[in-house]
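The values are calculated or read from the model by the stated rules, or taken from the named source; none is laboratory data. These figures come from a predicted structure and were not determined experimentally. For neighbour counting, all protein chains shown are included, and Cβ atoms are generated from backbone atoms with ideal geometry for every residue, glycine included. These area figures cover heavy atoms from the full protein model, side chains too; ligands, DNA and RNA do not enter into them. Shrake-Rupley method; radii C 1.70, N 1.55, O 1.52, S 1.80 Å.
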Amino acid sequence: MTAKDISLPNDDCSLVDRLWKLLSDPNSGEFYIKNIINNGLKVPSLGINLLPFPNVNVGDIPKQQMFKEPVLGYMNLTMTDTTLDGLGSYESGKLTCKAISSTETQVDLTITFDSVTFAGKYNVGTGGIAGCAIATGAALTGGGVHTYLPASDPSNNIELAQWYRDVALPKSDNGKTLVGAYYAHQDTIQKVQLAKNNMSAQYRTVLAANQQKTTKGAVIDSTSYYQQKQSGGSPSGTPPKVGNGSQYAGGFASHIALMKATAYMMSQQSLEIAAGNEYAELLNAMTQFNDNVLQFQKTNPSEVDTTTIMNYVDTAKPVTSNAKIPLYEFIESEDGTIDAVTVGEVDCWPLNHKRYVKAYTARHEEFLDAAAPMDTFNIDGNFSDKAQQLTIALSVNFSNATGSLVATAKSISITIGDLDITISDSGWSGHESLYDKIASWIANTKIFQDILKSKVSSALNKQKTLDDFSKTLNAGIKKLGL
């Protein structure tokens, strides 16, 4: 245990040390933390009545598109009734304590478990396109980056981006148009993003730069707070803000890199910047979207929270400006490096908003409409993750402001290896090779692994789980009379 700061008149670290010795000692009987997790704890004389909490409800994993089969079409995977079992296999714990004021003490508790399992039900099926394929970006430099879908590393946030795309933005007509614009251009974006040429490689390098990762982290923090508020939660602290100069510079850098890579792809096919070809349509849409970003930046020169951004999205009008699509000339060096030089510009043309709304509506209906039975292939079963070790780091605040210690679990972070998912093979008769292919996809697709681990982390940070740990610590405090 780390000694507390002796400059502060606070002896609580010694009390916390006594508390942990009680809870972590197998000889403590019903007050041993492993027994509390598995059996609960009921001591009426001390007002203690805790229910067992050996498992955590992780929740559903939204439909994920895997790969396309020649006859069956795109294979989609959904997981439901998922739980993390095995908190009752508590193995050991290590505590560090630091007094931060005369009444507040910060404790970091690292707990390991001998054997945990992640299990639930799965459905593999076809019928309609499941949305943009999140796995296509896995090979990109920097790992798992897909344009407009932020993914942090190591805890992937694809699910947060999906919520923003599918729930938050479509609440307004502008948001539906924006999502529809992405759907209308996503194939072109993907084509440019994955192309094997130097300009596309330069774009991928920009996406993988540290500046982008820092910006992405700020966006994730702000959007996560907004999601919790929109979902009825009560996130602590003030809303995180985004929009400093470095973050704008990062966004503009990726914008310009994609513009250049798109223009290069167009030049390779001897196409002109004009309505009708996919590359020019993307350049036109990006230019006008960028105008709206610049207008927002002028209106809001300081950092803002996501609510402010969403209010702008809801009510913004198309910006009328003199901005034009740049014309590039591409000069290739002997080493294969290509330099893009601006040599002119072309007027933008009106965006087809009706097309974007139709694109959104069509994609949205694909999720809502059930495919006809003859067009579907569905197999249901159970899945489980082989037993493995899980380590959680629990951040706890102790306060003596009332004259006795009160523990409040604040957050949990996890360390867990890749989930070794095994899906049941019942019902796969005649489709054995497809079963093997799906099992391999689940095991080896990093983005999907990151989604699963992100869901587990989110589940552990639900208020109920934090409350269970808080109540356990406070039960020990009552036992010791602290």
Q. Among the residues of segment 60-87, how many are modelled with pLDDT under 80, farther than 13 Å from Gly125 by Cβ and part of a loop (DSSP other than H, G, I, E, B)?
A. 2
(Q) Restricting to segment 202-216, count the residues that are open to solvent by 30 Å² or more (accessible area, probe 1.4 Å) and in contact (Cβ under 8 Å) with a residue 40 or more places away in the chain. (A) 8
**Q.** Residue within segment 409-425 that is open to solvent by less than 60 Å² (accessible area, probe 1.4 Å) and at positive phi present
**A.** no
Q) So which residues in segment 253-270 are more than 17 Å from Glu345 (Cβ to Cβ) and open to solvent by 30 Å² or more (accessible area, probe 1.4 Å)? A) Ala253, Gln268, Gln269, Ser270
Q. Of (1) modelled with pLDDT of 85 or more; (2) open to solvent by 30 Å² or more (accessible area, probe 1.4 Å); (3) hydrophobic (A, V, I, L, M, F, W, C), Val167 satisfies all except one. Which?
A. (1)
Q | When residues of segment 182-201 are limited to those that are small (Gly, Ala, Ser) and open to solvent by 20 Å² or more (accessible area, probe 1.4 Å), the one nearest to Val293 (Cα to Cα) | A | Ala184
Q.
Go through (1) more than 34 Å from the chain's Cα centre (by Cα); (2) more than 22 Å from Ser404 (Cα to Cα) for Tyr32 and report which single condition fails.
A. (2)
**Q.** Residues being open to solvent by 10 Å² or more (accessible area, probe 1.4 Å), closer than 29 Å to Thr105 by Cβ and under 15 Å from the mean Cα position of the chain (by Cα) - total across segment 443-477
**A.** 3
Q: Only residues that are open to solvent by less than 40 Å² (accessible area, probe 1.4 Å) and over 17 Å from Leu178 (Cβ atoms): list them for segment 284-300, please.
A: Asn300
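Please go through segment 420-454 and pick out each residue that is of a type in the set (Phe, Trp, Tyr) and in contact with an Asp or Glu (Cβ under 8 Å, 6 or more places away or on another chain).
Of everything in segment 420-454, just one residue is of a type in the set (Phe, Trp, Tyr) and in contact with an Asp or Glu (Cβ under 8 Å, 6 or more places away or on another chain), namely Tyr435.
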**Q.** Test: residue in segment 372-379 that is at pLDDT 75 or above, over 30 Å from Ala99 (Cβ atoms), open to solvent by 50 Å² or more (accessible area, probe 1.4 Å) and not in a strand (DSSP E or B)
**A.** no
Q) Counting only residues that are in contact (Cβ under 8 Å) with a residue 60 or more places away in the chain and open to solvent by less than 80 Å² (accessible area, probe 1.4 Å), how many does segment 328-352 have? A) 10
Q) Can you name the condition, by its number, that Pro54 falls short on among (1) open to solvent by less than 30 Å² (accessible area, probe 1.4 Å); (2) in contact with a Leu (Cβ under 8 Å, 6 or more places away or on another chain)? A) (1)
Q: For Gly125, indicate whether it is open to solvent by 30 Å² or more (accessible area, probe 1.4 Å) and modelled with pLDDT under 85.
A: no
